[in-house]
Structure formats: C-alpha cells, structure tokens
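Below is one structure, written out as structure tokens; comments come after it.
The values are calculated or read from the model by the stated rules, or taken from the named source; none is laboratory data. Keep in mind the model is a prediction, meaning the values are calculated, not measured. These accessible areas exclude ligands, DNA and RNA; they are computed on the full protein's heavy atoms, side chains included. Shrake-Rupley method; radii C 1.70, N 1.55, O 1.52, S 1.80 Å.
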Amino acid sequence: MSGILSGKVALITGASSGIGAAAARVFAREGAAVVLAARRERELRDLVDELTAKGFEAAYSVTDVTRPEEVERAVSTAVGDYGRLDVAFNNAGLGAEQTPMHLMDDEVFDAIVEVNLRGVWLCMSRQIRQMLAGGGGAIVNTSSVGGLVATPVAAPYVIAKHAVVGATRAAAAEYAKQGIRVNAIAPGTTRSEMIEAWFALRPGMEELLHAVTPQGRTAEPEEVAEAAAWLASDRASFVTGVTLPVDGGYTLI
Ligand SMILES: NC(=O)c1ccc[n+]([C@@H]2O[C@H](COP(=O)([O-])OP(=O)(O)OC[C@H]3O[C@@H](n4cnc5c(N)ncnc54)[C@H](O)[C@@H]3O)[C@@H](O)[C@H]2O)c1
C-alpha cells in the first residue's frame, strides 16, 4: 500500500460524520490503519465495514471525548489492534446556537468548551503518552476559521476554537524535541451535519458566506481531510505548531 500515510496507525475523533468520516476514507486510502472514535456506534460500524470491504485496515472505539476513560480506551484500541499510535486527528466538535453572549446560558458555554477544548486536551494528553512510548508521532487538531478570527457565530465556539490554536502551539513547543509534531487545521464553511443544521436555521446564510469567501463556495469534507492527512504525514516533517486555514481564502480578507 503506497500513500502519504502508508504504514501509519491513525486515531480519528468525530469520525461518525462530516470531516471525521471523510478523514477516515482519505487516511485509509493514503495507507493508514484507522481507528475511528465517536459516540454513534452504528455509523462507526458502517464506516469500518465500508473501509474493510475495500481492503483497508479499520477499527472503531465508541468514544465520548469528554470522558477520559473512553479516550484512553480509544488509544488502547489502536495499540491493541495495530501495535502503536502514530497519528491522531482530534476533530470531534460541537457547534453552538448564535445567541448574544449576555443572553447565553452558562451551560451552553460549558458544553462547547468541554467538547471543543477539554476534549482536545484529554485526547492530546493521552495520545502523547502513547506517542512518547512509541518514539514520536503527529497530531492534528481541528480548530476553525472561528479560531483565527471572530466570526459571528456563538462566542463560546470562537473562544474554544481560539484555545485549540493555543493548545496546538503549546503542545508543539513542548514535544518537538521528542519527535511529536502538533498542528491544527482551521476549516472554513464545510458541508457536514453541523453546517447543514446551521444553514437550515438561517436561510440565505450559505450564500452570504459564499459572498465573503474568495473561492465563493462551501468545501467538501474531503478537501479538509486532505489537508489534515498532509499535516499528519511525514511530508510535513518540518511543520509544527501551525494552524493551517482550509477556508477558500475566507481569512484573507
Ligand atoms: N463544517 C464546518 O463548516 C466547520 C468549520 C470549521 C470547523 N469545523 C469543525 O470541524 C470538526 C468536524 O465537524 P463537522 O463539520 O464534520 O461536523 P459534524 O457534526 O458532521 O461532525 C462532528 C463530529 O464530532 C462528533 N462529536 C461531537 N461531540 C462529541 C463528543 N463529545 N465525543 C465524540 N464525538 C463527538 C459528532 O458526533 C460528529 O461525528 C468540528 O470540530 C467542527 O467544529 C467545521
């Protein structure tokens, strides 16, 4: 099997839909054995069946990224099934209603930060333990254009996604000498369950976003997954601590 992730063992969170499911297909096609982690077992099982039917190596572990023991089980699945963990794509995330900050329930803030930031923290810390034992690795976190600029979505999302950029930089600085690279992607509008639900509540929003995106369209999840695959691969061997916009130019202007 030749591909930019040939021979790698990769753990992907939020793999039951959208960018995570696309990453499962792209990473597997590029030669990785993939371990899919998300909460919905049926979707995970179907995707594993699809990938194994094509001759790829794939397994799943039902995982809520806010639960440390489930994150640890997902890492153990990679090690138990495939012997090690080389790559992690921490992509699980939760969108939020567009409510003004001063009217927002504190519980909404807690829920968004718990998945989008603390979930990334729990994943990275457990993955790094394993990668140190295995002699190195590469982590890619999913931030957002909302992690680079204050897009008019819910403030907790913007806050948490900015923090993912900081978490990526902190981990990259801390583990560079130990052979672990840590990067992030910042997707712009990408066709997925999250964005379809968001568009459904806001007629005209998709067209509005196209108007402020130089490439003038919504990305397919595979286009975002391709960027994550490259950052996770040895082709990006001297790249660490960056957050790569995959946004059709949205953050250019
Ligand atoms: N779609 C976009 O336009 C867009 C833009 C910027 C960033 N993002 C980010 O991309 C990532 C993927 O989102 P998507 O667009 O593919 O949407 P999506 O809703 O299809 O996928 C999100 C995935 O995360 C999973 N998830 C949520 N909470 C979880 C938890 N506690 N534990 C485990 N899994 C959990 C969901 O079940 C789902 O599989 C998210 O981090 C999102 O914030 C998306």
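Probe 1.4 Å, all protein chains in place: accessible area of MET194 in Å², nearest 10?
80 Å²
Relative contact order for the stretch 121-166 using alpha-carbon pairs under 8 Å, separation at least 6, rounded to a whole percent?
Worked out over the stretch 121-166, it gives 31 percent.
At 1.4 Å probe size, put HIS210, HIS102, HIS162 in order of accessible surface, largest to smallest.
Result of the area sort, largest leading: HIS102, HIS162, HIS210.
Over all alpha-carbon pairs in the stretch 193-253, figure out the percentage whose distance exceeds 15 Å.
The answer is 61 percent, as a whole percent.
At a 1.4 Å probe radius, which order do LYS161, LYS54, LYS8, LYS177 fall into by accessible area, largest first?
Ranking LYS161, LYS54, LYS8, LYS177 by accessible area, largest first, yields LYS177, LYS54, LYS8, LYS161.
Which shape class applies to the stretch 129-231: rounded if a/c is under 1.5, otherwise prolate when a/b exceeds b/c and oblate if not, where a ≥ b ≥ c are the square roots of the Cα gyration tensor eigenvalues?
prolate
For a quick check, take a GNM of the chain with Cα springs below 10 Å and name the residue from ALA160, ALA15, ALA176 with the largest mean-square fluctuation.
Of ALA160, ALA15, ALA176, the most mobile in the Gaussian network model is ALA176.
Please list the equivalent ellipsoid semi-axes of the stretch 37-120, computed as the square roots of five times the alpha-carbon gyration tensor eigenvalues, in descending order and whole angstrom.
Equivalent ellipsoid of the stretch 37-120: 31, 15, 10 Å, largest first.
With each run of n ≥ 4 DSSP H residues scored as -39500 (n - 2.57), what mean residue ellipticity at 222 nm is computed for the chain after dividing by its residue count and rounding to the nearest 500 deg cm²/dmol?
Only helices count here, giving -14000 deg cm²/dmol.
Note down the relative contact order for the stretch 84-133 as a percent, whole number, built from C-alpha pairs under 8 angstrom at least six residues apart.
This gives 60 percent for the stretch 84-133.
Among ILE185, ILE12, ILE128, which one shows the highest mean-square fluctuation when the chain is modelled as a Gaussian network with alpha-carbon springs under 10 Å?
With Cα springs under 10 Å in the chain, the top fluctuation among ILE185, ILE12, ILE128 is at ILE128.
Run the numbers on the stretch 169-253 and let me know its relative contact order in percent, using alpha-carbon pairs under 8 Å that are six or more apart.
Relative CO of the stretch 169-253 lands at 47 percent.
Let me cross-check ARG84: its accessible surface, 1.4 Å probe, with only protein heavy atoms counted, in Å² to the nearest 10?
Ignoring ligands and nucleic acids, ARG84 comes out at about 90 Å².
Give, to the nearest whole percent, the P(r) tail of the stretch 70-192 beyond 18 angstrom, counting all Cα pairs.
53 percent
Given the convex hull of the Cα atoms of the chain, what is a quarter of its surface area in nm²?
13.0 nm²
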